[in-house]
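Single-structure report; data block below.
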Amino acid sequence: MKINLEGQTAAITGAAQGIGRAIAESFLEAGSHILAIDIDAAALSDFQKTAPEKIETVTADVGNYALLKGIAGGKKINHLVCAAAIGSGKSGFPFWNLEPGDWGKVIKITLMGTVNTVHAFAPSLLADADETQQKSVLLLASVAGQIGSQTDPPYSASKAAVINFAQCAAKDFAAHGIRVNAMSPGMVKTAMNHSVYQTMPASSDQSYEEWGSEKTANVSPLARWQEPEELGAMAIFLASDHGRNITGQTINIDGGQVMHS
């Protein structure tokens, strides 16, 4: 199966690193142009060098709605991917290790950054939208948003809200032929995942690889890490005509960590 997204444009937040970059690279491989949005200007510059003729970069904080509206204004896009997110940087075992004040910054970026982005790009998605076009929105969620993860309660709660927002948006966009889905990674080797390891008590006597392998074996029936490229492959499948009847869904790429009976 070959997925061809030639002539299409995907706007992607968090595109310069981690899962967001893997998704952006998959869209590039499928022939898309990329509007890459990230707060890290140096990482964006590094990414743009890989395909300068196909990548437009914008340095932006997704917590700034006015800025995102300015970026989106007049842009024609086919697909929107919201991958920007942060954690609290603290251990949530138990939740009172954190203060209520630790929640605000996580909600601002992980939840409201996603909401801001979808609001800002809605006019671009709706322009000339009809059921003959491939138009889609993908929100990066997390297994943490489905199981009440104690690892980082503000992050977990924000991702749960992202899943719900995806369902709301899917219903609203459906009449315009625009599909909206959420995708939940499990254990993926990213900078954010490494920062979670650093907050764990075990980090003093276990390497990151040891900690991650042990945790993955405990929580995932397949007992293996998930790879960013797997998320990229699913993202372009959902954006393509192969996913034309998939909307309002949360796709878990988690080795079986979350199973609903």
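A short reminder: the numbers here are calculations on the coordinates, not readings from a lab. Note that the coordinates shown come from a computational prediction; the quantities given were computed from them, not determined experimentally. Backbone-built Cβ (ideal geometry, glycine too); neighbour counts: all protein chains shown.
May I ask which of LYS2/LYS76; LYS49/LYS75; LYS108/LYS135; LYS135/LYS215 have a Cα-Cα span longer than 30 Å here?
Over 30 Å Cα-Cα: LYS135/LYS215.
Can you give the Rg to Rh ratio for segment 204-261, taking only C-alpha atoms and Rh from Kirkwood?
Working: Rg = 14.9 Å, Rh = 13.4 Å.
Over the Cα atoms of segment 204-261, Rg/Rh equals 1.11.
Output the relative contact order of the chain, whole-number percent, from Cα pairs under 8 angstrom with separation of 6+ residues. Each step should come with its number before you reach the end.
Numbers: 522 pairs, mean separation 52.7, N = 261.
Relative contact order, the chain: 20 percent.
Quick one: order THR59, THR250 by neighbouring beta-carbon count within 10 Å, fewest to most.
Lowest to highest Cβ neighbour count: THR59, THR250.
For segment 1-112, what value does the Rg/Rh ratio take when both radii are computed over Cα atoms and Rh is the Kirkwood radius, given to two decimals? If you can, show how the numbers build up before the last one.
Numbers: Rg = 16.0 Å, Rh = 15.1 Å.
Rounded to two decimals, Rg/Rh equals 1.06.
How are the C-alpha pair distances of segment 51-126 spread across 10 Å bins, as whole percents from the shortest bin up?
17, 41, 24, 13, 4
Which of the peptides 159-168, 49-58 is most tightly packed, and how do the rest follow, judged by the mean count of other Cβ atoms within 10 Å per residue?
159-168, 49-58
Taking the chain as a Gaussian network, where each spring joins two C-alpha atoms under 10 Å apart, which residue of ASP61, ASP205, ASP40 fluctuates the most?
Most flexible of the set in this elastic network: ASP205.
Can you list residues whose amide H is under 5 Å from THR250's amide H, if they're 5+ apart or on another chain and H is modeled 1.01 Å from N?
ALA182
Using the scaling law 2.2 N^0.38 Å as the reference, what is the normalised Cα Rg of the chain?
This ratio for the chain stands at 0.97.
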